[in-house]
Amino acid sequence: MANGRLLGEHVGRRGPREVATPNASVDSTAFISTQPSDTPTVTAVATAPALLAACDDSPITIDLSQSTSSTGGALRYYYQYQGNSSAAAAAFSAANGTQSFVTVPATAVTVARPLSVRVRGAVVANGIVYSSPQQTVTVTRSPLSAVPQLALATVGFQGRLGDSLSQYLSVGFATCSGIDASAVPFNYSWTLTDPHRDTVTITAIGGTVAGPNLALPFAQLAYGTYTVTGAVSYNGTAYSVSAPLTVVPAPLVASITAGTSVQVAAGRANRLTVAVVDEDNLAGNNTRYTYWWIACDANSGGCQSVGRNKNLIYPARSLTPGAAYNVYCQVTDEGTSLPRRAVARARVTVVDAMVPVVVVARWPVSGAVAASQGVSLWAQVSDPDSGRDLEPKSVAWAIAPNSTASVDLSKLKRNHRYLVIGRDVLPAGQDITFRVTVVLPSGVTTWSDLTVPIAAAPTGGSVAVVNANPANMVNGNPASGIAFNDTFRITTGNWTGGTLPLAYTFGYAVQAPRSGNLVPNDLVLTTSPVVEAVTLPMAAKSVYVVVTDAAGATALTTQQVTLVRGSGAAVSNNSAVLDMAAALLAQARAAVRTNPAAALTTLNTITAMVADLPRSVSRSDRDQIKALTALVLTTSSTAIGNLLPSPETAVRALGVLAALDLKGANATAFAACLDLVESSLAGCRVTVGGVRRSLDARQAQSIARALDNVLQNLGNTAMTGAPALRRRQVPPAAQPAADAVQRVIAQVQALVLASVAGESCAVSSVPTVITTASFTASGRRIAATGTDSGDTTRPVGNFSMALPATMPAGCLDVHAVNWPSLHGSADAALHMVATILSVNAFANGTTTPLSTRALNFTFSTTVNTTAVPAGSAPACVFWDGTQWTSSGCTTAVDPTAPAQVTCTCPMYSDFSVQAQIKAEPVPDAGQTGAIAAGAIVGVVVVGGGGMILWKRRKAGRGYHEAVSSPTL
C-alpha cells in the first residue's frame with residue numbers, strides 16, 4: 001500500500017518456518033478463512049449386553065442412540081441382522097433407517113446361537129449420505145446362570161482438554177440367578193486405550209482408580225476417540241465392558257485489543273496487539289503460538305504481509321490521513337495434536353487528531369456469547385505515548401452503524417465505562433457490533449467498535465418417551481403408562497448447530513396445585529442423549545430435555561406424557577402406596593454399593609410418591625413417612641459416598657432433596673439433609689465444556705430448590721402457630737437444632753459465590769440470579785480499581801443496589817441475598833417494614849469477607865405505605881453484629897413515590913428498614929434503631945423476594961398473623 005503501508009515489528013519472530021516473506025503480496029481469501037470443514041463425520045456408538053446369563057429371559061436392546069455426527073442433523077440408523085430368529089429379523093427390519101434402538105426377545109440368543117448384527121449410522125448433508133464405519137455387535141449367552149452383568153454409567157462421552165470423566169462400573173446378576181451382587185466382593189480393574197489402540201497408563205495422566213470408580217482428566221490426552229474398559233473378576237473369570245470417549249478441540253479465539261474497528265492518529269506511532277483466548281492451553285504457555293499479520297486496503301484488496309509477532313507497530317506518519325485499512329492477524333497453535341488457527345481482524349481508520357488509545361474488552365472473553373449469559377463490555381482509555389490511563393470527560397455506548405444486528409440499549413446505563421446487558425436479551429445466532437465513543441476533557445473525540453458474536457442454540461431436536469412395558473400403554477401411546485410402576489426410556493436427538501460437546505438435562509414437569517404452572521424436576525444431567533429406567537409420578541404432565549452446548553447456549557424440547565394409577569388395592573390407600581415406597585427403598589439400599597446412580601434415581605421416585613399423597617394423612621402414615629425420610633437421607637448419603645463428585649451425581653442427589661418430605665423432621669434429619677447439600681455443592685464445582693465456570697446456572701437452581709425445601713420446612717417447625725407451608729403443622733417439640741438455619745445461610749452464600757461465572761477478572765461479569773420462594777440471590781465477579789467498583793445498579797429481590805465506587809482494588813466475588821428475615825427481624829417488636837439484604841465481598845479465591853465497614857453502601861427498596869400509620873417514618877438499619885441499628889445511616893423517601901426508600905449505611909453485611917412511630921422519638925442518623933413493641937407495622941414484597949411477616953393491630957389488642965414464612 002503505497003504511502004500508507006503498515007510496517008511490521010519483525011524482531012523476535014517465532015515459529016519453525018516462515019509462512020510468507022514480509023511485505024510480500026498475500027491472497028487474503030485463504031488467509032482469512034479458518035472455518036472447519038462442513039463434511040460430517042459420523043460415529044456409531046452401539047451398546048448392548050455382551051453376555052447373558054443362561055436363565056435370563058429379559059428382552060435384549062441394541063442401542064445406537066448415542067451415535068453422533070460432527071455437524072449435527074438427523075441421524076439414520078441401519079441394522080444388518082445375521083441370524084435365523086424371525087422375531088429378531090422383523091424387529092431389525094422395522095427399525096432400519098429410522099429407529100435408534102431395537103428390542104428383540106431373549107429367545108433370539110441361545111448358548112449355541114449368538115446374536116450378531118452389523119450396524120452403522122448415517123447423516124444426509126447437501127444431498128450426500130455420509131456413513132460411519134460398519135461395526136458388528138455380538139450378544140452371546142453363557143451356559144451358566146451366575147454371570148455378572150456389567151454396565152458403565154457414562155457411554156459416548158465427549159469433552160475438551162479441560163474436562164474430566166467420572167465413570168462408574170455397576171455390577172449385577174440376573175434376578176433368576178438368585179445372587180445378591182452387593183454381597184459379592186468384586187475385584188475391579190480399568191484400562192484406557194488411545195485412538196491408535198495403544199494402552200495409556202491411567203495414573204500417568206493424573207487419573208485415579210478407586211474400585212468401581214474411575215476419575216479421568218483429559219488434560220494430558222490428545223484429540224480423538226479413546227476406549228475405556230471396566231472389568232471384574234468372578235469365580236476366576238474376567239468380565240468386561242467398554243465405552244468410547246472423545247476429546248474434541250476447543251475453539252481458538254483471537255481478537256485485536258483495540259476492537260474490531262478503531263481510529264488511530266496519523267501523527268504518532270501506534271501499536272496493535274492480538275489477544276488469544278485458548279481453553280485448551282491449560283498450562284498458559286504463550287510460546288506455542290505463531291502470528292502472521294497482513295494489511296489490506298479498505299476493500300480487502302492489495303494485501304501485504306507486515307508482521308510476524310504478537311504486536312504490530314506502525315510508525316508515526318506512515319499512514320495516510322483519511323485512509324482506512326483492514327488488518328488481520330492469523331494465530332496458529334502448534335501445541336496441540338492437531339494445529340488450530342484463528343484470525344483476528346480490525347478496520348483501522350486514520351485521522352489527523354491526536355486521539356487516545358481505546359481498549360475494549362468483554363465478558364465472557366471466549367468465543368461466542370450465549371444469549372442466556374448476557375455480556376459485559378468495558379472500555380479503557382490511555383495515552384499511546386506514555387501508556388498512562390486517561391479519565392474521559394464522557395463515555396457513551398451505542399450500536400455501531402455497521403452492526404448486522406441490534407439490541408435495545410435505551411433502558412441501560414450507557415454513559416459509563418461498563419455496559420452490562422443481562423440474560424436473555426441478545427439475539428441468538430447473530431453478531432452485534434457495539435461502539436463506545438470517548439470524549440476527553442480537551443474535547444478530542446474518538447471511538448472504538450467491538451463485534452460480539454451471539455451463539456446460536458442447538459435446534460431441531462426432539463425428545464421421545466417409550467414405556468418399557470407396552471402392555472400398560474394407554475391406547476398404544478408409548479409416552480403413557482402406570483405412574484410409579486412402569487419404567488420409561490427417554491431419548492433425544494436430531495440436534496443441529498451449537499458448539500460441541502453437548503450436555504443434556506432430563507427431567508419431568510409437574511403442575512403446581514395453586515398456580516397451575518409447570519414446575520421442572522431435573523432427574524439426570526449427562527452427556528448421553530438417552531436415559532433408561534425412569535419412573536414417573538402421577539403428577540407428571542410432560543418430560544423435557546434441556547440441551548446445553550459448550551458456549552452455554554440452551555434449548556428445550558418437551559413431550560407430553562399420560563400417567564394413570566394402577567388398579568386394585570395396591571394403590572387404593574396411603575398405606576399401600578407407602579408400602580410400595582418401602583419396597584423401592586429396599587431395592588435402592590440393595591443397589592447402593594453396586595449401582596449407586598440407579599439407587600439415587602430410585603430414591604427420587606420414592607420422594608415423588610410421598611409428595612403425591614393427599615394433604616391429609618393419618619398419624620401412622622405420618623410416622624411411616626418420617627421413617628422413610630430418615631432412611632432416604634442415609635441411603636442418599638451412602639450412594640453419594642460411593643460416587644465421585646460430579647455434576648451428574650449432584651443433580652441426581654438434588655432431585656431427592658428438592659422433593660424430600662421433611663415434615664416433623666428432627667435435628668438429625670435436617671443435619672443429614674444439609675450434609676447432602678454440601679456434598680452436592682462440592683460436586684458441581686467442575687469444568688463445563690472445557691471452561692471452569694464453578695457452577696452451571698441450572699445446577700445452581702437445582703441446589704437452590706433443595707435449600708428452599710429445607711428453608712420452608714425449617715419455617716414449618718421453627719414457627720409456632722404458623723399455617724403449614726407443606727401439609728400440616730408440626731408441634732414445637734419437633735423444632736430443629738438452632739445451627740441448622742445458620743448452615744442454610746452459609747450454604748446459600750456458598751451457592752451464590754460458586755455460581756459466579758467469570759473465568760477471568762479482566763472485566764466484571766454479568767450478575768447471576770437465583771430465585772426461590774424463600775430467597776433471591778445475585779452473585780457477580782467484579783474488577784475493582786479502587787476508584788471504580790466495576791459494579792452497576794442491579795435488582796436483588798425487592799432491593800436495588802450497587803457497590804461503593806471505592807471498593808478495595810482487585811478481583812472480587814460479591815454475593816447479595818434477599819432474605820425473608822434474618823437476625824430475628826420477624827419479631828414484631830423490631831417493626832421491620834422490609835425484607836433483609838445481605839451483601840458480602842470476597843477477594844477471589846478466599847472465603848473470608850473483606851472488611852468494608854468504612855465504606856458507605858447505598859441501596860433502595862419498597863415498603864407498603866398503607867401499612868405504616870400516619871406520622872411514622874421509615875429508618876434504614878443494618879446489623880452491627882449484635883443488634884439492628886440506624887447509627888450512621890441516612891434515609892431518603894421520594895416525595896413523589898413515598899413507597900420508595902433509599903438508604904446509605906456503613907457497609908456491614910445485612911440491611912433493612914424499620915418503621916419508626918410518631919408516639920416515640922424518631923431516631924436521627926446517630927441513634928440506635930431498636931424500638932419498643934406495640935406499634936402497627938407492615939410490609940409488602942415485590943420482585944420475588946419471598947414472603948415476610950406482617951402484623952396488623954386487631955381490636956386494640958393482640959396481633960392477627962396474616963402471612964408467615966421461615967424465620968432465619
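General remarks:
- Backbone N under 14 Å from the Ala219 label point (7 Å along Cα→Cβ), restricted to the range 142-176: 161-165
- Extension gain for Asn469-Leu556 works out to 28.6 nm (0.36 nm per residue, less the C-alpha to C-alpha distance).
- Distance distribution note for the range 54-182: the fraction of Cα pairs above 24 angstrom is 43%.
- Sequence of Arg76, Arg489, Arg271 from largest to smallest accessible area, 1.4 Å probe: Arg271, Arg76, Arg489
- The orientation-averaged shadow of the Cα convex hull for the range 477-626, equal to a quarter of the hull surface, comes to 10.7 nm².
- When a 1.4 Å probe is rolled over the protein heavy atoms, the share of accessible surface on the range 54-182 that falls to carbon and sulfur comes to 50 percent.
- Fully extended contour minus Cα-Cα distance, from Ala54 to Ile128, at 0.36 nm per residue: 22.2 nm
- Residues of the range 242-283 with amide N under 18 Å of a point placed 7 Å along Cα→Cβ from Ser386: 268-270
- Förster-model FRET efficiency, 56 Å R0, Asn573 and Asn286, C-beta, rounded to 0.05: 0.20
- Taking every protein chain into account, the accessible area of the range 54-182 amounts to 42 square angstrom per residue (probe 1.4 Å).
- Three semi-axes of the equivalent ellipsoid, the range 163-257, Cα gyration tensor, whole Å, largest first: 34, 13, 12
- Phi to ³J(HN,Hα) by Karplus 6.51 cos²θ - 1.76 cosθ + 1.60 over the range 533-548, Hz, x for Gly, Pro: 6, 8, 9, 10, x, 4, 7, 5, 9, 7, 10, 9, 9, 9, 9, 10
- One chain, two ends: Gln80 and Arg565. Fully extended at 0.36 nm per residue, the span grows by 170.6 nm beyond their Cα-Cα distance.
- Kirkwood estimate for the range 66-123, i.e. one over the average of 1/r between Cα atoms, Å: 12.3
- Förster radius 25 Å - calculated FRET efficiency between Asn96 and Asn477 (Cβ-Cβ, nearest 0.05): 0.60
- Heavy-atom surface of the range 761-919, accessible at 1.4 Å and reported per residue (Å²): 34
- Altogether, the Stokes-Einstein calculation at 4 °C and 1.567 mPa s, with the Kirkwood radius of the range 309-422 over Cα pairs as Rh, returns a diffusion coefficient of 75 µm²/s.
- Relative to its Kirkwood radius, the Cα radius of gyration of the range 356-456 gives an Rg/Rh of 0.99.
- Mean separation of Cα contacts under 8 Å, 6 or more apart, over the residue count of the range 356-456: relative contact order %: 33
- Sorted on the mean count of surrounding Cβ atoms within 10 Å across their residues, most packed first, peptides 554-564, 291-301 read 291-301, 554-564.
- Förster radius 41 Å - calculated FRET efficiency between Arg853 and Leu412 (Cβ-Cβ, nearest 0.05): 0.85
- Whole-number percent relative contact order across the range 54-182, with pairs defined as alpha carbons under 8 Å at least 6 apart: 25
- In percent, rounded to a whole number, the relative contact order of the range 251-355 is 38, using alpha-carbon pairs under 8 Å and six or more apart.
- Amide H contacts under 5 Å for Asn840, placed H, 5+ residues apart: His815
- Hypothetical label at Arg268: residues of the range 341-375 whose amide nitrogen lies under 19 Å (7 Å Cα-Cβ projection): 348-360
- For the range 251-355: accessible area per residue (Å², 1.4 Å): 36
- Between the range 773-794 and the range 48-85, the alpha-carbon center distance in angstrom: 51
- Residues whose placed amide H lies under 5 Å from that of Leu855, excluding near-sequence neighbours: Met907
The values are calculated or read from the model by the stated rules, or taken from the named source; none is laboratory data. This structure is a prediction, so every number in the text was calculated from the model and none was measured. All Cβ positions, glycine included, derive from the backbone under ideal geometry; neighbour counts span all protein chains shown. Heads up: the accessible areas ignore ligands, DNA and RNA and are worked out on the full protein's heavy atoms, side chains in. Shrake-Rupley method; radii C 1.70, N 1.55, O 1.52, S 1.80 Å.
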